[in-house]
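Here the structure comes first, spelled out in structure tokens, and everything after it is commentary.
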Amino acid sequence: MWEELLKAFSLSYLPSMFKFILGPLGGYAAGVHVVTAMVSTFAGMMTIEVVMVYSGNGSRERVMNRLFPARRRFSERSRRLAMIWRKYGLAGVALLTPLVLTPIGGALVAVSFGGPRQKILLYMTVSAAVWAVVLNAAVYFFGQQLPDIQKWLLGLIG
């Protein structure tokens, strides 16, 4: 049991904090149970969401300055994010976070545009739960068709 939890923590929970799809892929590669991978993928995204939402604007500014040191005020990317925010609101950002924006990016966008903390966390929780189930089910179901993903991921680690 402890072995499976350590595998899930290191190969599903931690990677899903930074890129959501790495959680299901890591869980599949490690051979953990699909439900364990779902829970650890969900927990990884939500951990970083809570940290980013409650860390405040100072922390957000440090991350933004580190990721985009010489950024222009209005870049093509920032305009695209503003368009997504205006068109779809917080629900759209939460829906796209696991697929496109990454957990850190989604939280930064939601906080930057002034979404209320409780609402951000509620929408991100729903989005993370749905996408954790969908992506883990897809990876575990179609895992045999993926080209040697187990060898590739384990080769990165070991």
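Quick notes on this one:
- Sparsely packed trypsin sites (Lys or Arg not before Pro) within segment 7-60, loop by DSSP, other Cβ within 10 Å at most 16: Lys19
- On the beta carbon distance between Glu61 and Ala129, with R0 = 30 Å, the FRET formula returns roughly 0.50.
- Full-stretch length increase - Ala138, Leu5 - with 0.36 nm per residue and alpha-carbon distance subtracted: 45.7 nm
- Solvent-accessible area per residue in segment 1-57 equals 47 Å², computed with a 1.4 angstrom probe and all protein chains kept.
The values are calculated or read from the model by the stated rules, or taken from the named source; none is laboratory data. What you see is a predicted model; the values in this text were computed from it and never measured. Using ideal geometry, Cβ is built from the backbone for each residue, glycine included, and neighbour counts are taken over all protein chains shown. Quick note on the areas: whole protein, heavy atoms, side chains included, nothing else; ligands and nucleic acids left out. Shrake-Rupley method; radii C 1.70, N 1.55, O 1.52, S 1.80 Å.
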